[in-house]
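Participant: Shown below is the structure under consideration.
The values are calculated or read from the model by the stated rules, or taken from the named source; none is laboratory data. Here the structure is a predicted model, which is why all the values come from computation and not from measurement. Here the Cβ positions follow ideal geometry from the backbone for every residue, glycine too, while neighbour counts run over all protein chains shown. Accessible surface areas use protein heavy atoms only, side chains included; no ligands, DNA or RNA. Shrake-Rupley method; radii C 1.70, N 1.55, O 1.52, S 1.80 Å.
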Amino acid sequence: MKEREKPDFWQKDLVQGRDLRELTTLNLGPTHPATHGIFQNVLTLDGEIILDTEQTIGYIHRAFEKIAERRPFYQITTLTDRMNYCSAPINNMGWHMTVEKLLGIELPKRVEYMRVIIMELARISDHVICNTIIGQDAGATTPFLYVYQWRERIYEVYEEICGARLTTNMGRIGGWERNFSDIVWKKIRAIVKEMPAGLKEFEKMLVRNRIFMDRTIDCGPLPADRALAYGFTGPNLRACGVDYDVRVADPYCSYQDFNFIVPIGQNGDTYDRFMVREQEMWESLSIIQQAMDKLDAMSDKTTFRADVPEWLLPPKEEVYNEMEALIWHFKIVMGETDIPVGEVYHCVEGGNGELGFYLVSDGGRTPFRLHLRRPCFIYYQAFPEMIKGGMLSDAILTMSSLNVIAGELDA
Amino acid sequence: MIATAIFLLVLFVITLSVAAYSTYGERKVAAFLQDRIGPNRAGPFGILQPLADGTKMFMKEDFVPLHANKKLFLLGPAIAMITALLTGVVIPWGGTLTVFGTTINLQGADPEIGILYVFAMVSIGVYGIMLGGWASNNKFALLGAVRAASQMVSYELGMGLSIVALVMLTGTLSLSGIVDYQIAHGWGIIQQPLGFLLFLVCAFAETNRAPFDMPECETELVGGYHTEFSSMRLGFYLFAEYTNMFISSAVITTLYFGGYHVPGLASLGLDPNVAAIIGVAAMFAKTFFFIFFFMWVRWSVPRFRFDQLMNLGWKKLIPLGILNILLTGGIHYLFNH
C-alpha cells in the first residue's frame, strides 16, 4: 500500500500563526446528481480539497426489520427486493434460502443450478450498473450506454420468469414458482454467447484509458486492515486484496460444484474496485455457462422445486375452482403453515458483498426478529476516511465505486 | 459598405444557425456513437429539434435567485453570447466575390492583429462564465466559475505559445495573411504539426468541451457555473458554448488547414466567383469536420480531474509550446540563412 501524498493544508500566517484557510461547507446531496440515491454528505472544503465530511443517512429508511416482524415469510420477499434493487433476485433467493435453512428443506440440484444462473445474472447486472456509473461519473457516457443494454437483456430474462423487472419478487420457498420456459433458456443462452463482445468493447474504452486510469488509480484507497476493521465484504474488500467470497468461504446453493476465480485487487482504490467487478462479470458468465452445461447433462428437465407442498402456492386455475386449493392458498399467503422455533443466519454473496439474514423464529407466523446485514450500510461508514484529503472529484468517484445503494443502506 | 453590412448579417445568421444545428448534430453524433437513434420526433429526422428546444427555453420562467447579484447575473450570459458571436468577424471565410461589379471580401474585417483579436474575445468570454457563476451566489456555481477562470487562463498560455511559432513562420498576425502564406507555402499542419496538436488541445479547454468540461461537469457540480440559470439565459450559455465550438473549429481551419484553400483549385482556371464559392464550401467542410471531431472526442473519453488538468496545462503543454518555438526558430534559421 503506497503512502498517499497529502497536500499541506495548514497554511499559516507565519508571524501570528493564524490559520489562513478559508473553508467552505458544501452539501453534497441529498439531491445531488452524483449521489445516485438519497444520502447527504456535508463536506468541509478548502478550495477543492476535502478536509472533513459528515454523512447523514436515513432519508429512505423504511424500517424493514420492524415491518418484517409483522409479516408472514412470503410477504418479506417483497421487502428484500427493495434493498439492493440492482440485484433484487439475489436478495429474494438469499431470503428464501434463509427460510429453507430454518425449515430444513433440501433442494434438488437442478433447482439450485437454476438459482445459481439467475443469481449470477443478477450479479452481472449489478456490476454493470456500478462500473458504468464509475465511467459516467468520470465523464464517459458512451461506455455506460454500450453495456447498459446487457442489463436490459438480463431484465428481459427476469420478466420472462416472474413478470417483473426491477423488484422481482422471484422464486418461492423451496424453489421456483414454475419451470423456466424455453424462451428463458433461449435468452440466457443468447446473453452468455453475445455479452463477451459487448464487455470487451466496454473494457477497451476504459481499462487502459490514460485519463480514466489517472482519475481512478489512488482515488479513495482503503488499506486491507482498515477495510476488515470496518467489516467490508464483497468486491470492495477483494479490491483491497482480501480473497473473501461467501460463495467460496461458505458455499451455499451448490456453489462448490463450480469452478471460478475470486479476483482480488491490491490497493483498494477505485481502479481496483472497478477491475475486480469487471473480472467478476467474466467469472459470472463462466459460472452461468457451467451451470447450463450441468443442466444439459441432467436427464431431469422438469423439477423446479423441492417437495414442500405446504409452501407451494397451488395453480390459480385450481384456486379459483377448488375449495381445497383455495384454503391451501389462503393458509400459505396468511402464514398459517407450521414454522419451527429456532434461529438461523444465512448469508449470500450479494452484488455488493455479504448479504446476511439473521432470522429468529418463535414458531409464530411472522419472524420474532429479523436482522438484515446490509453491506452498503457498512461501506458508507468508511466513506469519510476514504475521501479525506482527496479532491471533490475523487469523492464522487469513490462513492460510485463503492456502489452504495440508498435502498440497501437505509433499508 | 452596404456589402460588408450584408455580409456581416449573413455571417451572424450563419453562425447562429450553425450553433443551433450543432446542438442537433451533437445529439445525433452522440446517438450514433452510442447505438441510439437520437432526436427524431420534431420534423423529419428531428431536424426541427433546435427550434423546439429554443421555443422551450423562451417559454420557461426567467428566474433570478433571491440572493444573486442581479445585475451581474443578468450580464453574465450576455457577455458569453456577445463575445462568442463577435469572434467570427475576423475569420476569412473565403476569398473575394464580385457581384454586380461590387467586390465583397468574405471576411468581416481584416485587422493587422487578427489573432490577437480572437484571443481578446476569448479572454473576455471567460468573464461571462465567471460573473454568471459568481453572481449566482451558489457554491457549485462558484466552484464552476473558479475552475473555468483558472482553466482558461492556463490554457490561453499554451494556446498563445503554439500560435507564436506559427506567427514566426508566417510573419503576420493577420488571419488572411496567414491563409495567404499557407496558400503559397503549404498548410500549417505540415509546417507546424506539434503546434497544431497543442493548439487543438488548448482549443478543447478554451471551449469547455470534454475532456476539459470541468467548469460544468454535471456529476460533480450539478450544472457548474450555470446551475442557477434558467430559461433563455441558460440557453445563451449553452448557445455560446456551441458558437465557441464553431468559431474554434473555424480558427483551427484557418490557422492550420489553409482556411478556404483547396489544393489544385487555382490550376483548374474556374470563374473567380465559382472558385470563391468552392473555397467557402471547403472552409465550411473543414470547419464541420472539426465540429464533428469535438463531438467525437466528447463522447469517447472521460474528463480530467482539476489538478490533472492544471498539470497538463502548465507542466506539459507550456514546455512543449516553448520547445516548439525553439524548434521552429532553429529550423527557420538553418534554412533561411
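Participant: In region B:220-337, which helices (runs of 4 or more DSSP H) lie fully inside it and hold 1 or more residues that are away from chain A (no Cβ under 14 Å) and open to solvent by less than 20 Å² (accessible area, probe 1.4 Å)? Steps first, please.
Facilitator: Working: elements: B:231-256, B:272-298, B:306-311, B:318-336.
Correct list: B:231-256, B:272-298, B:318-336.
Participant: In this structure, is A:Asn169 open to solvent by 40 Å² or more (accessible area, probe 1.4 Å), in the same structural domain as A:Asp137 (by TED's automatic domain parsing), in contact with a helix residue (DSSP H, G or I) (Cβ under 8 Å, 6 or more places away or on another chain) and under 27 Å from A:Met83 (Cα atoms)? It would help to see each step written out before you state the result.
Facilitator: Working: open to solvent by 40 Å² or more (accessible area, probe 1.4 Å): yes; in the same structural domain as A:Asp137 (by TED's automatic domain parsing): yes; in contact with a helix residue (DSSP H, G or I) (Cβ under 8 Å, 6 or more places away or on another chain): yes; under 27 Å from A:Met83 (Cα atoms): yes.
When the stated conditions are applied, A:Asn169 passes them.
Participant: Can you confirm whether region B:165-172 contains a residue that is farther than 22 Å from B:Ala240 by Cβ, free of Cβ contacts under 8 Å to residues at least 60 places away in the same chain, in a helix (DSSP H, G or I) and in contact with a helix residue (DSSP H, G or I) (Cβ under 6 Å, 6 or more places away or on another chain)?
Facilitator: Checked region B:165-172: at least one residue is farther than 22 Å from B:Ala240 by Cβ, free of Cβ contacts under 8 Å to residues at least 60 places away in the same chain, in a helix (DSSP H, G or I) and in contact with a helix residue (DSSP H, G or I) (Cβ under 6 Å, 6 or more places away or on another chain).
Participant: Now, a different point. Which residue, of A:Gly241, A:Gly198, is under 21 Å from A:Ala382 (Cβ atoms) and either open to solvent by less than 40 Å² (accessible area, probe 1.4 Å) or in contact with a Phe, Trp or Tyr (Cβ under 6 Å, 6 or more places away or on another chain) (or both)? Steps first, please.
Facilitator: Working: A:Gly198 fails: under 21 Å from A:Ala382 (Cβ atoms).
Only one candidate qualifies: A:Gly241.
Participant: Is it true that B:Val64 is of a type in the set (Val, Ile, Thr), open to solvent by 20 Å² or more (accessible area, probe 1.4 Å) and in contact (Cβ under 8 Å) with a residue 60 or more places away in the chain? Spell out how you get there, then give the answer.
Facilitator: Values: of a type in the set (Val, Ile, Thr): yes; open to solvent by 20 Å² or more (accessible area, probe 1.4 Å): yes; in contact (Cβ under 8 Å) with a residue 60 or more places away in the chain: no.
No; evaluated as a whole, the condition is false for this residue.
Participant: Shifting gears a bit: Taking only pairs six or more apart or across chains, which ones have beta-carbon atoms under 6 Å, a first residue in region B:115-135 that is of a type in the set (Val, Ile, Thr), and a second residue that is not in a helix (DSSP H, G or I)?
Facilitator: That search, which allows pairs on different chains as well, returns B:Ile115/B:Leu173.
Participant: In addition: Which residue pairs have Cβ atoms closer than 9 Å, lie 6 or more positions apart in sequence or on different chains, and pair a first residue in region A:46-68 that is within 14 Å of chain B (Cβ to nearest Cβ) with a second residue that is of a type in the set (Val, Ile, Thr) and open to solvent by 70 Å² or more (accessible area, probe 1.4 Å)?
Facilitator: Cβ pairs passing all conditions: A:Gly47/B:Val146; A:Glu48/B:Val146.
Participant: Examine region A:12-31 for a residue that is modelled with pLDDT under 85, more than 14 Å from chain B (Cβ to nearest Cβ) and touching a Leu at 6+ places or on another chain (Cβ under 7 Å), and state whether such a residue exists.
Facilitator: Yes, region A:12-31 has at least one match.
Participant: Determine whether A:Arg123 is among the charged types (D, E, K, R) and out of contact with any Gly (no Cβ under 9 Å at 6 or more places or on another chain). Explain how you work it out, then say what you get.
Facilitator: Details: among the charged types (D, E, K, R): yes; out of contact with any Gly (no Cβ under 9 Å at 6 or more places or on another chain): no.
Answer is no for this residue.
Participant: Follow-up. Would you say B:Ala78 is in contact (Cβ under 8 Å) with a residue 40 or more places away in the chain and part of a loop (DSSP other than H, G, I, E, B)?
Facilitator: no
Participant: To continue, here is another question. Please go through region A:218-248 and pick out each residue that is closer than 28 Å to B:Phe306 by Cα and part of a loop (DSSP other than H, G, I, E, B).
Facilitator: A:Asp218, A:Cys219, A:Gly220, A:Pro221, A:Leu222, A:Pro223, A:Ala239, A:Cys240
Participant: Kindly list the number of the only condition in (1) surrounded by 18 or more Cβ atoms within 10 Å (Cβ to Cβ); (2) more than 12 Å from chain A (Cβ to nearest Cβ) that fails for B:Ala184.
Facilitator: All conditions are met except number (1).
Participant: Within region A:63-77, is even one residue in contact with an Asp or Glu (Cβ under 9 Å, 6 or more places away or on another chain), of a type in the set (Ser, Thr, Tyr) and surrounded by fewer than 21 Cβ atoms within 10 Å (Cβ to Cβ)?
Facilitator: Checked region A:63-77: no residue is in contact with an Asp or Glu (Cβ under 9 Å, 6 or more places away or on another chain), of a type in the set (Ser, Thr, Tyr) and surrounded by fewer than 21 Cβ atoms within 10 Å (Cβ to Cβ).
Participant: May I pose another question? So for region A:186-197 (the condition being within 14 Å of another protein chain (Cβ to nearest Cβ), within 24 Å of A:Val242 (Cβ to Cβ) and assigned to a helix (DSSP H, G or I)), does at least one residue qualify? Write out each step before concluding.
Facilitator: Start the filter on region A:186-197 by keeping residues that are within 14 Å of another protein chain (Cβ to nearest Cβ), which leaves A:194, A:197.
Among the residues that remain, those that are also within 24 Å of A:Val242 (Cβ to Cβ) are: none.
Checked region A:186-197: no residue is within 14 Å of another protein chain (Cβ to nearest Cβ), within 24 Å of A:Val242 (Cβ to Cβ) and assigned to a helix (DSSP H, G or I).
Results for (1) within 14 Å of chain A (Cβ to nearest Cβ); (2) modelled with pLDDT of 85 or more; (3) open to solvent by 100 Å² or more (accessible area, probe 1.4 Å), shown as yes or no for each residue.
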site: B:Ile2; (1), (2), (3): no, no, yes
site: B:Ile14; (1), (2), (3): no, yes, no
site: B:Leu33; (1), (2), (3): yes, yes, no
site: B:Ile47; (1), (2), (3): no, yes, no
site: B:Asn69; (1), (2), (3): no, no, no
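Participant: Hey, another quick one. Quick test for you: out of A:Val116, A:Val157, A:Val147, pick the one residue that is surrounded by 21 or more Cβ atoms within 10 Å (Cβ to Cβ) and either within 14 Å of another protein chain (Cβ to nearest Cβ) or more than 26 Å from A:Asp245 (Cβ to Cβ) (or both). Outline the logic, then answer.
Facilitator: On the way: A:Val116 fails: either within 14 Å of another protein chain (Cβ to nearest Cβ) or more than 26 Å from A:Asp245 (Cβ to Cβ) (or both); A:Val157 fails: either within 14 Å of another protein chain (Cβ to nearest Cβ) or more than 26 Å from A:Asp245 (Cβ to Cβ) (or both).
Exactly one residue qualifies, and that residue is A:Val147.
Participant: What's the total number of residues in region B:106-150 that are open to solvent by less than 20 Å² (accessible area, probe 1.4 Å), small (Gly, Ala, Ser) and closer than 30 Å to B:Thr4 by Cα?
Facilitator: Adding up the residues that qualify gives 4.
Participant: Within the bounds of region A:205-217, is there any residue that is free of Cβ contacts under 8 Å to residues at least 60 places away in the same chain, among the charged types (D, E, K, R), in a helix (DSSP H, G or I) and away from chain B (no Cβ under 14 Å)?
Facilitator: No, that holds for no residue.
Participant: Yes or no: B:Ala149 closer than 17 Å to B:Gly258 by Cβ, of a type outside the set (Asp, Glu), part of a helix (DSSP H, G or I) and out of contact with any Asp or Glu (no Cβ under 8 Å at 6 or more places or on another chain)? If you could, list the steps in order and put the result at the bottom.
Facilitator: Working: closer than 17 Å to B:Gly258 by Cβ: no; of a type outside the set (Asp, Glu): yes; part of a helix (DSSP H, G or I): yes; out of contact with any Asp or Glu (no Cβ under 8 Å at 6 or more places or on another chain): yes.
Answer is no for this residue.
Participant: Condition test on A:Val404, is it assigned to a strand (DSSP E or B) and either more than 22 Å from A:Tyr59 (Cβ to Cβ) or touching a residue at least 24 places away in the same chain (Cβ under 8 Å) (or both)? Talk me through it step by step, then tell me what you get.
Facilitator: Working: assigned to a strand (DSSP E or B): no; either more than 22 Å from A:Tyr59 (Cβ to Cβ) or touching a residue at least 24 places away in the same chain (Cβ under 8 Å) (or both): yes.
No; evaluated as a whole, the condition is false for this residue.
Participant: Can B:Ala109 be described as small (Gly, Ala, Ser) and within 25 Å of B:Tyr225 (Cα to Cα)? Before you say what the answer is, go through the steps one by one.
Facilitator: Working: small (Gly, Ala, Ser): yes; within 25 Å of B:Tyr225 (Cα to Cα): no.
Spelling it out, it is not the case that B:Ala109 is small (Gly, Ala, Ser) and within 25 Å of B:Tyr225 (Cα to Cα).
Participant: Let me ask another. Given (1) touching a helix residue (DSSP H, G or I) at 6+ places or on another chain (Cβ under 9 Å); (2) at pLDDT 85 or above, identify the lone condition not met by A:Leu313.
Facilitator: (2)
Participant: Quick one: in region A:254-286, of everything that is over 18 Å from A:Lys200 (Cα atoms) and of a type in the set (A, V, I, L, M), which residue is most open to solvent (accessible area, probe 1.4 Å)? Steps first, please.
Facilitator: In the first step, residues of region A:254-286 are kept if they are over 18 Å from A:Lys200 (Cα atoms); the result is A:254-262, A:264-270.
Filter again for of a type in the set (A, V, I, L, M), leaving A:261-262, A:264.
Values: A:Ile261: 107, A:Val262: 35, A:Ile264: 88 Å².
Only one residue tops the list, namely A:Ile261.
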